[in-house]
Amino acid sequence: MAKAVGDYSQGTYSPIVRKFMIGASIARPGILAMAPAAGNAGIIPCTTTTVTNTVGLACDSGTYTTTQTSTGTAAFVSCIVNPHAVYQYRMAGSSTSGAALTNQDETTGSAGGTVITTGATWTGTEFDSGVVWANGGGVNANKGQYRKITSTDATSGTVTVPFDNAIAAGDDFLRAPYWILDPTAKTIQFTTLLNEADASIAVGTGAAMVTVGFRLNGTYDSYVLACSNDHALNIATL
């Protein structure tokens with residue numbers, strides 16, 4: 001599930017947690033909650049492509065009901081409300097939480113370390129302005145390095161800053177539609193369960209989130225770090 005791992009504006013992270021009445025069921029912890037709109041009785045969960053007036057990351061779950069009972073009906077959920085909280089999302093290879101990222105196997109090689117050529121399209125789902133990193137396969141002298149994708153075509157992605165070493169046929173790479181503080185890539189689309197990032201979608205698709213970092217590893221354990229780009233406590237929008 002998603003979790004808060006820091007505060008972009010704090011040297012020492014101290015999560016601020018508040019309880020809110022809910023206006024729709026929040027199924028599980030690790031889902032971003034939004035401020036209530038007209039007609040909502042309380043906070044509501046984000047959707048796969050929308051998180052506006054962010055309240056914060058849910059720490060627990062709650063079931064919404066309008067049925068009157070003698071024990072009380074109002075349900076509350078605790079949320080981490082830091083306006084600059086950094087949220088960590090595991091990158092999924094589809095809209096299904098837990099799905100693996102897809103290895104991109106180098107087919108040609110690039111002596112200058114700038115072109116990753118694979119059998120998969122880079123424009124059918126647009127990855128221009130996303131991130132690409134060396135994962136493994138062959139010797140892969142660049143393993144652990146990442147670069148911004150600055151142009152794409154049907155079979156390849158190009159980086160402006162070369163990888164330190166030549167790219168060899170058989171090297172494996174991973175890619176995702178995010179880049180740090182890039183206005184083109186300032187979105188994250190969530191998986192169906194709303195607790196991971198769907199990394200199979202095009203750059204610029206999804207909810208208003210700004211990428212602030214990565215934890216790039218393999219197909220099952222790579223993460224994007226992001227802050228809300230539309231928080232309810234942002235003074236400029238109050």
Residues Ala58, Ala74, Ala85, Ala38: which one is of a type in the set (Gly, Ala, Ser) and out of contact with any Gly (no Cβ under 9 Å at 6 or more places or on another chain)? Ala38
Going through segment 23-36 one residue at a time, which ones are open to solvent by 60 Å² or more (accessible area, probe 1.4 Å) and more than 23 Å from Glu196 (Cβ to Cβ)? Pro36
On the basis of being in contact (Cβ under 8 Å) with a residue 40 or more places away in the chain and among the small types (Gly, Ala, Ser), does Ala154 make the cut? no
Single residue of Ile180, Ile149 found to be farther than 15 Å from Ala92 by Cα, of a type outside the set (D, E, K, R) and open to solvent by 10 Å² or more (accessible area, probe 1.4 Å): Ile180
Which residue out of Ile201, Ile188 is crowded, with 20+ Cβ neighbours inside 10 Å, out of contact with any Cys (no Cβ under 6 Å at 6 or more places or on another chain), of a type in the set (A, V, I, L, M, F, W, C) and within 20 Å of Gly119 (Cα to Cα)? Ile201
Would you be able to say whether some residue in segment 91-112 is at pLDDT 95 or above, out of contact with any Lys or Arg (no Cβ under 9 Å at 6 or more places or on another chain), open to solvent by less than 10 Å² (accessible area, probe 1.4 Å) and within 30 Å of Val17 (Cβ to Cβ)? yes
Among Thr63, Thr54, Thr69, which is the only one that is open to solvent by 50 Å² or more (accessible area, probe 1.4 Å) and either without any contact (Cβ under 8 Å) to a residue 24 or more places away in the chain or under 25 Å from Lys186 (Cα atoms) (or both)? Thr69
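The values are calculated or read from the model by the stated rules, or taken from the named source; none is laboratory data. As the structure is a prediction and not an experimental result, all values here were calculated from the model. Every residue, glycine among them, receives a Cβ derived from its backbone with ideal geometry; neighbour counts consider all protein chains shown. Accessible surface areas use protein heavy atoms only, side chains included; no ligands, DNA or RNA. Shrake-Rupley method; radii C 1.70, N 1.55, O 1.52, S 1.80 Å.
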